[in-house]
Amino acid sequence: MRTFLFSMLLGLFATTASAADPPTLHQYFDATGHADAWQGGVRMIPIHTPAGDFRVWTKRVGNNPRIKVLLLHGGPGATHEPFEVFDSFLPSDGVEYYYYDQLGSYYSDQPDDPRLLTIDRFVDEVEQVRQALHLDESNFYLLGHSWGGMLAMEYALKYPQHLKGLVISNMVSSIPAYNKYASEVLMPELDPAALAELKRLDAAKDYANPRFDALLQPHYEHHILRRPMAEWPEPVLRGFQRHINKKVYVPMQGPSELGASGLLVNWDRTSDLAKIPVPTLVIGARYDTMDPKFMEMMSKRLPKGEYLYCPNGSHMAYYDDQQVYFAGLLRFLHRVDDAGARTASTH
């Protein structure tokens, strides 16, 4: 009898332990049963909008039934490409993740219709993508960076029931607060003559003038990605220079990363953070264009929030403070997953 009970307990322990184990190498790269396998995980997903039906590009990497991360890129109008560095960190931890170009971005359809440039329309698009990828509350993590973080917050407020976890990467919950930080902290760092010339070009809306980007270069090298632009990673140059759709970026964000002046200028969800019920990681960085103290405050307003601070990072901390960024991200994903596995084993 004692042997029988011991065998039962051993079996129960093994079942519980295996529930939290990462997939094996074979399981992680096994494409059997995936409709996207014949084209390397890529799918063009149909999207219905008020301006007609279009398609958006997604690409799956790996298999993990409990941790599936959908990546929302910045911009708006940039691409998934800067996220390609995730290939260096997530597969070795067994995390399944999805690259995704939002409508209007380079790999997806690019309709030129201002009716599509609303937050609500983008949130609806994310929900259509979630449904097509069969992500649900048992496995669905949403990670949004910069504009993608804004979109992730909006999605979490509207569809919290579908989420297992949320990551807000390098984004504040208030554009007025972002602009205040830019005006009081970031702009004074610029050379006064350069700032005056930038303001003249801005007033004239002469954004195609090569001087506009040249004057902003020191700001970008200090607060966007802390390397000389000549050394910026090739995926970043593709996503934010060669492939950005300025017909989306400029109307929504404005002409530069030195504050926002487009359609998003009055957006503020700070008072609604308490309504996001899912485990949420907020990632900020010392040299970010977004105020790191504001992002820490956000984490405290979220019912299940926590804060990851990247002391050497800027707006793209997943490049210039990689070890801190990815160690914290993976720790969060696995902690939420382990908590879910323990809850499941008790039922």
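The values are calculated or read from the model by the stated rules, or taken from the named source; none is laboratory data. As the structure is a computational prediction, the values presented were derived from the model and not from experiment. Virtual Cβ from ideal backbone geometry, glycine too; neighbours counted across all protein chains shown.
So which residues in the range 195-204 are of a type in the set (D, E, K, R) and farther than 15 Å from E257 by Cα, if there are any at all?
Matches in the range 195-204: E197, R200.
Out of G94, G77, G104, which single residue is in contact (Cβ under 8 Å) with a residue 24 or more places away in the chain and touching a Ser or Thr at 6+ places or on another chain (Cβ under 8 Å)?
G77
Determine whether P277 is assigned to a loop (DSSP other than H, G, I, E, B), free of Cβ contacts under 8 Å to residues at least 60 places away in the same chain and under 23 Å from H162 (Cβ atoms). Walk me through how you get there before you give the answer.
Numbers: assigned to a loop (DSSP other than H, G, I, E, B): yes; free of Cβ contacts under 8 Å to residues at least 60 places away in the same chain: no; under 23 Å from H162 (Cβ atoms): yes.
Here the answer is no, as P277 does not meet what is asked.
Would you mind finding the one in K68, K59 that is farther than 22 Å from Y249 by Cα, surrounded by fewer than 22 Cβ atoms within 10 Å (Cβ to Cβ), of a type in the set (D, E, K, R) and touching a strand residue (DSSP E or B) at 6+ places or on another chain (Cβ under 9 Å)?
K59
Suppose we filter A203, A230 for residues that are farther than 29 Å from D321 by Cβ and without any contact (Cβ under 8 Å) to a residue 60 or more places away in the chain; which single one remains?
Matching residue, one of A203, A230: A203.
Only one of (1) at pLDDT 95 or above; (2) over 18 Å from the mean Cα position of the chain (by Cα); (3) surrounded by 21 or more Cβ atoms within 10 Å (Cβ to Cβ); (4) not aromatic (F, W, Y) is not met by S271, so which one is it?
Of (1) at pLDDT 95 or above; (2) over 18 Å from the mean Cα position of the chain (by Cα); (3) surrounded by 21 or more Cβ atoms within 10 Å (Cβ to Cβ); (4) not aromatic (F, W, Y), only one is false for S271: (3).
Tell me, please, whether a residue that is within 30 Å of Y99 (Cβ to Cβ), touching a residue at least 40 places away in the same chain (Cβ under 8 Å) and outside any helix (DSSP H, G or I) can be found in the range 208-223.
Checked the range 208-223: no residue is within 30 Å of Y99 (Cβ to Cβ), touching a residue at least 40 places away in the same chain (Cβ under 8 Å) and outside any helix (DSSP H, G or I).
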